[in-house]
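Structure first, then comments.
The values are calculated or read from the model by the stated rules, or taken from the named source; none is laboratory data. Just so we're clear, the structure is a prediction, and the values are computed from it rather than from any experiment. Methodologically, a virtual Cβ is constructed for each residue, glycine included, from the backbone with ideal geometry; neighbour enumeration extends over all protein chains shown. The protein model used for the area step is the full one, side chains on, heavy atoms only, and it has no ligands, DNA or RNA in it. Shrake-Rupley method; radii C 1.70, N 1.55, O 1.52, S 1.80 Å.
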Amino acid sequence: MSFHIVMRHRNAPQARQNHWLDDNRPEWITTTPEVAMRCRAMADQNQPIRVHRSEWGTQGPVVCCECEVATIREIDEHQYHVDFKNHRVLQILPLVRPVRGQACYEV
């Protein structure tokens with residue numbers, strides 16, 4: 001089973017702040033406490049997370065990479081900052097089509 005974070009393409013309008021190294025590798029995100037705690041659980045188990053990048057323009061949805069959680073810190077009671085490291089570009093078709101507003105899923 002793998003944990004996937006759903007993100008918008010780096011050029012798409014963003015609901016939360018994030019920063020990408022390139023089109024396939026997010027450097028960091030701001031996210032909900034629930035997603036941050038799930039990222040922490042994956043880091044504690046030495047398990048990578050996968051990044052599902054949503055469709056944007058002519059680029060279809062893709063599981064663009066797998067990466068490890070580097071650090072997690074609380075910004076306030078409603079949002080957390082999560083840094084990533086050790087990215088591995090995947091570029092594979094997603095098995096799940098997230099609904100609008102869905103931040104994560106497991107497959």
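Just a few scattered comments:
A quick yes/no check of all residues on (1) among the hydrophobic types (A, V, I, L, M, F, W, C); (2) out of contact with any Cys (no Cβ under 7 Å at 6 or more places or on another chain):
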| site | (1), (2) |
| --- | --- |
| E27 | no, yes |
| P48 | no, no |
| G57 | no, yes |
| V63 | yes, yes |
| C67 | yes, yes |
| R73 | no, yes |
| P94 | no, yes |
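- Filter pass, Q14 being in a strand (DSSP E or B), open to solvent by 30 Å² or more (accessible area, probe 1.4 Å) and either on the phi < 0 side of the Ramachandran plot or out of contact with any Leu (no Cβ under 6 Å at 6 or more places or on another chain) (or both): no
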